[in-house]
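As structure tokens, the structure follows; a few thoughts come after it.
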Amino acid sequence: MGVEVWWSSLTAADGDALTLLDATERARLDALDSPADRGRSLVGAALLRVAVAARLGVDPRDVAVDRTCVDCGRPHGAPRVVGPEHDDVRRTVWVSVSHSGLLVVVALGDAPVGVDVQREADLRADAPAWARHEAEVKLHGAVTARGGLIADAPDATTTPLATPLAGYAAALATAGVPGAVVVRHWPGPDGGPVGDADDGTA
Ligand SMILES: [Zn+2]
């Protein structure tokens, strides 16, 4: 299965999303001071579960997410999906999460991925270039967090992504050429995930 990019927004930060999170994720939210930060983190954690669950055919609550920081051991590192059948290599999913302003994005693949979104108004720098840089940093971080070396992803390819709102820039980094990128939006009109067949690259 190829790379999927899932988009959501702060408007999805509601009680339904909260029911998808585990105790560790809820504690992380409680520790955040800003309501906007809480909302983005809530949607990011919920969207990650929804996207992985749809790919694996499991319930979002059954997806085990490990955010153990490789530096200090606290649960604020880049997420890794460690279940529910993490011993089965075929079901390993590589994930990356980013949020900025109103937008939240999750990328999933069978190989390492990195995704980044930036609200242009938040940056003095060139937003598309910054998003490309951050996506590559996340790709390499995902590899090293699993005990690999950056050299394991030597052919990093960075692709601009179309964003669902104007005023944002986003990029996807993959090890090698990603092929077709399937873009999905959550929640869909009926409250469930909706798959678009379009190629989401910009
Ligand atoms: Zn740390």
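Please determine, by comparing only the residues of region 47-59 that are in a helix (DSSP H, G or I) and without any contact (Cβ under 8 Å) to a residue 40 or more places away in the chain, which one is most open to solvent (accessible area, probe 1.4 Å). Write out each step before concluding.
Within region 47-59, the subset in a helix (DSSP H, G or I) is 47-56.
Now restrict to residues that are without any contact (Cβ under 8 Å) to a residue 40 or more places away in the chain: 49, 53, 56.
On the way: R49: 4, A53: 5, L56: 26 Å².
Here the answer is L56.
Before we move on, is G44 closer than 21 Å to D116 by Cβ and open to solvent by less than 70 Å² (accessible area, probe 1.4 Å)?
On the way: closer than 21 Å to D116 by Cβ: yes; open to solvent by less than 70 Å² (accessible area, probe 1.4 Å): yes.
Answer is yes for this residue.
The conditions are (1) out of contact with any Lys or Arg (no Cβ under 7 Å at 6 or more places or on another chain); (2) part of a helix (DSSP H, G or I); (3) over 27 Å from V177 (Cα atoms), and S41 fails exactly one of them. Which is it? Failing condition for S41: (1). Residues in region 166-202 that are open to solvent by less than 70 Å² (accessible area, probe 1.4 Å), part of a loop (DSSP other than H, G, I, E, B) and modelled with pLDDT of 70 or more: G167, G176, P178, G179, W186, P187, G188.
Condition check: modelled with pLDDT of 95 or more, more than 14 Å from the chain's Cα centre (by Cα) and within 30 Å of A166 (Cα to Cα). Does L21 satisfy that? Give the derivation first.
Values: modelled with pLDDT of 95 or more: yes; more than 14 Å from the chain's Cα centre (by Cα): yes; within 30 Å of A166 (Cα to Cα): yes.
Here the answer is yes, as L21 does meet what is asked.
Residues that are open to solvent by 40 Å² or more (accessible area, probe 1.4 Å) and in contact with a helix residue (DSSP H, G or I) (Cβ under 8 Å, 6 or more places away or on another chain) within region 95-122 comprise H99, L102, R119, E120, listed in sequence order.
Number of residues in region 1-34 that are open to solvent by less than 20 Å² (accessible area, probe 1.4 Å), touching a residue at least 24 places away in the same chain (Cβ under 8 Å), in contact with a Leu (Cβ under 7 Å, 6 or more places away or on another chain) and in a helix (DSSP H, G or I): the value is 1. The condition of being more than 16 Å from the ligand (Cβ to nearest atom), within 20 Å of E4 (Cβ to Cβ) and surrounded by fewer than 22 Cβ atoms within 10 Å (Cβ to Cβ) holds for only one of D37, D62, that being D62.
Rundown of residues vs (1) within 16 Å of the ligand (Cβ to nearest atom); (2) at pLDDT 95 or above; (3) under 22 Å from A171 (Cα atoms), yes/no style:
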residue	(1), (2), (3)
G2	no, no, yes
S9	no, yes, yes
A13	no, no, no
A31	yes, no, no
G44	no, yes, yes
L48	no, yes, yes
G73	yes, no, no
H76	yes, no, no
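The values are calculated or read from the model by the stated rules, or taken from the named source; none is laboratory data. Just so it is clear, the model here is predicted, and its values are computed rather than measured. Note: ideal-geometry Cβ built from the backbone for every residue, glycine included; neighbour counts use all protein chains shown. Quick note on the areas: whole protein, heavy atoms, side chains included, nothing else; ligands and nucleic acids left out. Shrake-Rupley method; radii C 1.70, N 1.55, O 1.52, S 1.80 Å.
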